[in-house]
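These notes are about the structure you will find just below.
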Amino acid sequence: MEARKYLQRVLRLMSRIGANRRAHVPEDAAVTFFLVYHGMPIGELSIRQGLWSFRYTDEVRSNKELRPLIMFPDPEKTYETKELWPFFRMRIPSLKQPAVRAIVEREHIDEHNLIDLLKRFGRRTVSNPFELVASDPVQSLGHL
């Protein structure tokens, strides 16, 4: 399936499940997350000056046996976008779910802050085996 059609299907799915599409990223945000697979960091997702970037770790780039993710097919490339990729955004559950709404209210999470939502809900999902772990940006540079 070509990338454009895939993205359109994902966006339709997101709107059906009630993903918070109004969530934004604060202008001064500078956060780094590691994408981890079976305990091994395989990629780094970061946001700086309103621009999201994703790149694979050195371990992945040097290991020719590891296959890249469909949305990020070139292990040598640093991907950039102003909108968070659906692969990551779908990790945030619908705020329409009563249990999720209760967590947001109890923990005083800004439901419109995409980074806060990703930090709280994005670590694990039932839909894929990856973990998304927030990291200190300065410390993350030593791990790549």
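Values in this text are rule-based calculations from the coordinates and carry no lab data. Everything quoted here is computed from the prediction, not taken from an experiment. All Cβ positions, glycine included, derive from the backbone under ideal geometry; neighbour counts span all protein chains shown.
The alpha-carbon atoms of the range 52-110 define a convex hull whose volume equals 127 cubic angstrom per residue.
Taking 0.36 nm per residue of sequence separation and removing the Cα-Cα distance, the residue 111/residue 80 pair yields an extension gain of 8.7 nm. Less than 15 Å Cβ to Cβ from residue 76, Lys/Arg counted +1 and Asp/Glu -1: what total charge do the surrounding residues give? Spelling it out: positives minus negatives among the neighbours equals 0.
Show which aspartates and glutamates lie in cross-link reach of residue 77 when reach means a straight Cα distance below 13 angstrom and same-chain residues fewer than eight apart are skipped. Partners within reach: 44, 58.
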